[in-house]
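Structure first, then comments.
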Amino acid sequence: NRSAVRSGEVRQEGAGEPDLIRQVVNSLQNSERPLLVAGSGVFYSRGEAALAEFVRQQQIPVMIPIWDRGSIEEPLEEFLGVIGAASGGPDVLSEADLILAAGVEFDYRVGQFSSPPCSKDVRIVRIHADSARLRQGLESDLSIQAAPSTFLKQLAEACREANCPAATQWLRETRGRLKAHRLECWESAERLTSGVNGRDVVAAIGDVLEDDTVLLIDGGNIGQWFHQVLVDRYPGHWVTCGASGVVGWGLPGALAARALYPERPVILLSGDGAFTFTLGELECAARQGLNFVAIVADDEEWGISVSGHVKAYGEPLYSALGPTRLDQVAEGLGCRGVRVESPEALVPALTDALQSPSVTVIHVPIVPSSPADRPEL
């Protein structure tokens with residue numbers, strides 16, 4: 001079934017066939033290490049509540065492919081963050097014996113669900129509202145055409161009726177791995193040279209976030225810090241670049257977010273390279289009164305490229321950017337510019353900016369780094 005929810009919006013509401021639901025329940029009953037990967041299809045079918053109900057009931061770890069729309073509206077013990085980040089994550093995919101891929105693209109972020117990174121013996125169940133997407137990439141053991149939200153509701157009820165056991169021990173193990181990975185990322189920033197770093201910027205944003213804040217993320221290594229530090233929840237109104245990984249969309253995205261949500265706080269987190277792709281949009285925003293806060297982490301390089309180069313070749317290759325006073329550029333385009341050079345000044349600057357009636361650009365020079373970097377003492 002297709003039903004129009006509001007103008008310009010279409011939702012898929014199709015249910016999964018009962019026999020296929022029973023097959024999934026049987027797979028869960030025989031699984032010791034299940035994993036639910038929730039892609040953008042869960043968000044677009046409005047499956048947030050159904051997702052939370054199912055994974056809480058069955059104690060199944062859930063992850064979201066990096067750059068997909070999120071469906072974790074509140075802190076959830078079962079949520080293990082993103083999968084496919086350049087900065088890594090807890091080792092779950094390689095040990096899962098059953099993967100429920102709901103509304104997921106079988107692409108580079110999940111390694112096509114092939115081996116590696118998955119186990120050779122893993123069973124893959126694929127759920128998507130679009131029948132064409134069920135045949136994209138590698139074939140699955142079981143493919144079900146259904147709206148992920150409806151399917152998850154059906155599956156939760158069927159598991160209750162079958163007294164399907166919860167994966168409590170497996171969840172405990174994966175939570176431990178997530179905790180260790182987060183700690184490793186967090187402590188890596190402690191070993192950087194003095195100055196503000198990406199972790200400081202993302203942690204400050206976490207301190208000022210409200211439940212209805214529209215948060216946009218545009219950039220490489222600063223995006224990696226975001227995904228490794230702000231991982232307790234991942235609501236759909238935190239918007240990233242999408243599966244293509246394109247940079248430069250953040251400024252026009254922030255204008256669109258303000259136009260769409262005139263009463264909600266709007267924060268754009270960007271790297272310096274990504275921000276300067278569409279810098280002229282600041283004049284558009286100021287002229288039209290589309291106010292938001294942009295905090296730009298400036299490491300004077302294409303940071304994620306540098307991280308990859310150093311790992312592969314031992315040195316960066318043609319990825320340096322020159323110094324730019326982005327706060328002064330913002331003022332020249334009719335906006336408010338602020339420069340922050342200490343971690344302690346980040347939260348006050350963000351707080352003031354969120355209360356300002358002007359577009360505010362907070363320019364933060366940072367120490368180049370990625371959560372995957374492990375600098376020695």
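The values are calculated or read from the model by the stated rules, or taken from the named source; none is laboratory data. Owing to the predicted nature of the structure, the values given are computational and were not obtained by experimental measurement. Every residue, glycine as well, gets a Cβ built from its backbone with ideal geometry; the counts of neighbours run over all protein chains shown. These accessible areas exclude ligands, DNA and RNA; they are computed on the full protein's heavy atoms, side chains included. Shrake-Rupley method; radii C 1.70, N 1.55, O 1.52, S 1.80 Å.
Here SER119, SER115, SER149 are screened, and the one residue that is loosely packed, with under 14 Cβ neighbours inside 10 Å and of a type outside the set (Val, Ile, Thr) is SER115. Is it true that ALA345 is within 23 Å of GLU263 (Cα to Cα), modelled with pLDDT of 95 or more, open to solvent by less than 40 Å² (accessible area, probe 1.4 Å) and assigned to a helix (DSSP H, G or I)? It is false that ALA345 is within 23 Å of GLU263 (Cα to Cα), modelled with pLDDT of 95 or more, open to solvent by less than 40 Å² (accessible area, probe 1.4 Å) and assigned to a helix (DSSP H, G or I). For segment 175-225, which residues satisfy the criterion of being within 22 Å of LEU93 (Cα to Cα) and surrounded by fewer than 23 Cβ atoms within 10 Å (Cβ to Cβ)? Those that are within 22 Å of LEU93 (Cα to Cα) and surrounded by fewer than 23 Cβ atoms within 10 Å (Cβ to Cβ): ARG175, GLY176, ARG177, LEU178, LYS179, ALA180, HIS181, ARG182, LEU183, GLU184.
Look through segment 277-302, keep the residues that are in contact with a Ser or Thr (Cβ under 7 Å, 6 or more places away or on another chain) and over 20 Å from TRP238 (Cβ atoms), and return whichever of them is modelled with the highest pLDDT. Going through the qualifying residues, I end up with GLU301. A Cβ distance below 6 Å, combined with a sequence gap of six or more or placement on separate chains, defines the contacts here; from segment 163-190, residues that are at positive phi and at pLDDT 95 or above reach no residue that is assigned to a helix (DSSP H, G or I) and open to solvent by 70 Å² or more (accessible area, probe 1.4 Å). For GLY236, the criteria (1) open to solvent by less than 10 Å² (accessible area, probe 1.4 Å); (2) over 17 Å from the mean Cα position of the chain (by Cα) hold in every case but one, which is (2). Residues in segment 139-154 that are in contact with a helix residue (DSSP H, G or I) (Cβ under 6 Å, 6 or more places away or on another chain) and farther than 11 Å from ALA101 by Cβ: GLN145, SER149, LEU152, LYS153, GLN154. For segment 294-303, check the following and say yes or no: at least one residue is of a type outside the set (D, E, K, R), open to solvent by 30 Å² or more (accessible area, probe 1.4 Å) and in contact (Cβ under 8 Å) with a residue 40 or more places away in the chain. Yes, that holds for at least one residue.
Filtered by the rule that a residue be open to solvent by 10 Å² or more (accessible area, probe 1.4 Å), among the aromatic types (Phe, Trp, Tyr) and assigned to a helix (DSSP H, G or I), segment 36-94 gives PHE43, TYR44.
Being out of contact with any Pro (no Cβ under 7 Å at 6 or more places or on another chain), under 21 Å from ALA353 (Cα atoms), of a type outside the set (S, T, N, Q) and at pLDDT below 95 holds for only one residue in ILE205, ILE222, and it is ILE222.
Confirm whether SER149 is within 23 Å of SER45 (Cα to Cα) and under 21 Å from the mean Cα position of the chain (by Cα). Here the answer is yes, as SER149 does meet what is asked.
Evaluation of PHE113 against the conditions (1) within 30 Å of HIS309 (Cβ to Cβ); (2) touching a Lys or Arg at 6+ places or on another chain (Cβ under 8 Å) shows that the sole unmet condition is (2).
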